[in-house]
Amino acid sequence: MLAKGQTVIQMMEQLAPKHYAMPDDKIGLQLGTLNKEIRNVLVALDVTTEVAEEAIRLQIDLIIAHHAIVYRPLKHLQTDTPAGKLYEKLIKHDIAVYIAHTNLDVADGGVNDMMAGALGLSGLSHLEGVHTEKLKKLVVFIPETHHEQVRAAVFNAGAGGIGHYSHCSFNLTGTGTFLPGEGAQPFIGRLGQIESVTEVRFETIVPEGIERKVIQAMLKAHPYEEVAYDLYPLELKGRTFGLGRVGKLAEACTVADLVVQVKQAFSVETVRVVGNLQQVVKKIAVLGGAGSRYIQASLFAGADVLITGDIDYHSAQDALAAGLILIDPGHNIEKIMKSHVADYLIKHLTAKKYTTNVIASEVDTEVFKFV
């Protein structure tokens, strides 16, 4: 059974929810339609002409990419321009393009976690917080006979987490009353007769991002025709998600040795380094993409080194003066997301018994050559 486009993207947005994205970031469906069956998905860093040709050759129906193909407002769609030719090629072959950018950077298991994992960093924290979960309290009244069933369904959907604790709830037994009216099909009781039932008032915490999923799970597990439940907004804040990661190497090493690790981890031949190659370092900050403006955040976090791309000359001078080592392996190291996202989608599609195929793009979209 092939998955619909919307189904594939629902799985993608479980990994990288859209509300994690930075303001004005160009994410989501940028071209084509998701209202179709998907035979083949291609995961790419960039959508270039070469990637589009790869997609056509592989009979791809959907490209999931990290970098937007429509970043600035379009003034025209002329098919004799490079961008216009690309859009025309994709449209003619009915290839949809979906973008997960800063939401994939921020997400747990996203680009920055992939980078940190490739270097074996531990004790991770983020460089800059960009999104704090809003929390709600779910209160639902459950017949005592189905209490454990409903509670398990709610927890399995992701509710009940407070800090490092899971399955958090409050449960109070009492008596519920109701009178089934004409047209009702009561699970307990008879039409026209007031019924008293031993019920449990079950309360738990629900992150706003999974509210719909939790409510659906609760309603499916609950035996009542009409379920009495409430959702209250809370002043208590949930987890904070952010850009970049800071962590520690398994063992301290020189910058020169770290450069070797970076080259191996991200499959690059050259890097730019700012600072003393013989300095011993331990605490490392990583950030996919262009990271010049995260120098101060790295210093504040106590990092010895910032590994990121697109460092400009004056930012490099500032880092050198402040004593922060910079390693710039280029923006293109975000290509690490291709295999990770492909593996994630394969796992989740297979679990649902879908036959949709997912392929990591093999096109090298690095634009710089070092000679």
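General observations
- Residue check, SER122 assigned by TED's automatic domain parsing to the domain that holds GLU225, out of contact with any Ser or Thr (no Cβ under 7 Å at 6 or more places or on another chain) and either modelled with pLDDT under 95 or among the small types (Gly, Ala, Ser) (or both): no
- Among residues of the stretch 1-36 being aliphatic (A, V, I, L, M) and not in a loop (DSSP other than H, G, I, E, B), the one that is nearest to GLY84 (Cα to Cα) is LEU31.
- Breaking point among (1) without any contact (Cβ under 8 Å) to a residue 60 or more places away in the chain; (2) crowded, with 20+ Cβ neighbours inside 10 Å, for GLU148: (2)
- Residue in the stretch 357-369 that is among the aliphatic types (A, V, I, L, M) and over 21 Å from GLY109 (Cβ atoms) present: yes
- Search result, residues across the stretch 290-310 that are more than 13 Å from VAL246 (Cα to Cα) and surrounded by 21 or more Cβ atoms within 10 Å (Cβ to Cβ): GLY291
- Of all residues in the stretch 99-125, exactly one satisfies the criterion of being outside any helix (DSSP H, G or I) and touching a Phe, Trp or Tyr at 6+ places or on another chain (Cβ under 7 Å), namely ALA107.
- Matching residues, the stretch 252-266, being over 18 Å from SER122 (Cβ atoms) and either in a helix (DSSP H, G or I) or aromatic (Phe, Trp, Tyr) (or both): VAL255, ALA256, VAL259, VAL260, LYS263, GLN264, PHE266
- All positions within the stretch 86-98 that are in contact with a helix residue (DSSP H, G or I) (Cβ under 8 Å, 6 or more places away or on another chain), within 12 Å of ILE69 (Cα to Cα) and assigned to a helix (DSSP H, G or I): LEU86, LEU90
- GLU211 vs. criteria of a type in the set (Asp, Glu), closer than 21 Å to GLU13 by Cβ and surrounded by 13 or more Cβ atoms within 10 Å (Cβ to Cβ): yes
- Yes/no for TYR232 being surrounded by fewer than 18 Cβ atoms within 10 Å (Cβ to Cβ) and either at pLDDT 95 or above or over 22 Å from the mean Cα position of the chain (by Cα) (or both): yes
- Failed item, numbered, when ALA68 is tested on (1) over 20 Å from the mean Cα position of the chain (by Cα); (2) under 20 Å from SER361 (Cβ atoms); (3) not in a helix (DSSP H, G or I): (1)
- Top-ranked residue in the stretch 272-308 [being assigned to a loop (DSSP other than H, G, I, E, B) and within 17 Å of LYS248 (Cβ to Cβ); ranked as farthest from the chain's Cα centre (by Cα)]: GLN279
- Among all positions in the stretch 337-347, there is no residue which is acidic (Asp, Glu), more than 25 Å from the chain's Cα centre (by Cα) and over 20 Å from VAL262 (Cα atoms).
The values are calculated or read from the model by the stated rules, or taken from the named source; none is laboratory data. Treat the numbers as computed from the prediction; the structure is a model and nothing was measured. Using ideal geometry, Cβ is built from the backbone for each residue, glycine included, and neighbour counts are taken over all protein chains shown.
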